[in-house]
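Colleague: The structure under discussion is supplied below as structure tokens; questions concerning it will follow.
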Amino acid sequence: MKKNLLTSSLLLSTMIITGCVANNNQVQQASRGGVSTPSNSPITQTSSTTHNRSAVQKSLAYMYDEERLAKEVYLAIYAQQPVNQLTKIATKAEVRHIDAVKDLATRYGVATPYQRAGQYQTAHIQSLYNELYAKGIRSKRDALEVGCMVEVIDVEDLQKYTREAEQANAQDVVQTYNFLLKGTYNHYWAFDKGLKQLGVSNGCCSLGAKYCHPEYPQKQKGGRGQGRGQGRGNGGGSWR
């Protein structure tokens, strides 16, 4: 009888200890939100990194088309309205801008297949090109106004994508986009000056508030194209 009582006591003690251990594990898991994976799980980090890299890749694909648009619409309009600012900016600065973005795109595994001038992978860019060209060939004033529009769109997109690159810690992309911004500011003021020389006293501001940006810095150093290949790493403005 004593032996049976001793065995029962030992069995009961084992059950109590087991229950305490199990309860303690449940409490620890509950304090972690019911999930046993640590908050700094490599899975979470990889997912975040992939998302950031994907955003940078999309921005590079978009900006490659947008920089091409600037060069190609300027040259196409120049053939109908020979405005010096168009050909000067297109054949010098915009070529360097395209090369800078293409270098980054290659580094980030973003395809930049050959496209004929005026043809783009991005539907929005294609539509934008068609509308800008139709306006720009009307007159010299329209041609210069198209320049104001393109450069403002470029500034807005570059500012947006620079913030995304900063969040992704893609410092090479940030550096290149900042270089592109400097050139874009200079181009805006070149078109503004052209309009004023044509007799449009308020320059780009004649297009309305969307394209009136007296806050843009002027005569930016480093905006003429040095910096090709400086980098390592959808949206888009509308001219209306």
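Quick note: the coordinates plus some simple rules give every number you see, no bench work behind them. Computed from a prediction, not measured in an experiment: that's the story for all the values here. Reconstructed Cβ throughout: ideal geometry from the backbone, glycine too, with neighbour counts over all protein chains shown.
Colleague: Over the stretch 58-211, how many pairs of lysines fall under 14 Å by alpha carbon, counting only those 8 or more apart in sequence or from different chains?
Modeller: 6
Colleague: Could you give each residue of the stretch 64-81 its phi-based ³J(HN,Hα) in whole Hz, using Karplus coefficients 6.51, -1.76, 1.60 with θ = phi - 60°, and x for Gly or Pro?
Modeller: Working through the residues one at a time gives 4, 5, 5, 5, 4, 4, 4, 5, 6, 6, 5, 5, 5, 5, 4, 4, 9, 10 Hz.
Colleague: Please list 3J(HN,Hα) in residue order for the stretch 106-119, calculated via the Karplus relation 6.51 cos²θ - 1.76 cosθ + 1.60 where θ = phi - 60°; whole Hz, with x for glycine and proline.
Modeller: Karplus values, whole Hz, x for Gly and Pro: 4, 5, 9, x, 9, 6, 10, x, 4, 10, 5, 3, x, 10.
Colleague: Starting from the Kirkwood radius over alpha-carbon pairs of the stretch 58-211, derive D by Stokes-Einstein at 20 °C in a medium of 1.002 mPa s and give it in µm² s⁻¹.
Modeller: 137
Colleague: Find which of 195, 108, 168 sits farthest along the positive direction of the dipole of the stretch 58-211, computed with +1 on the beta-carbon of Lys and Arg, -1 on that of Asp and Glu, about the Cα centre.
Modeller: 195
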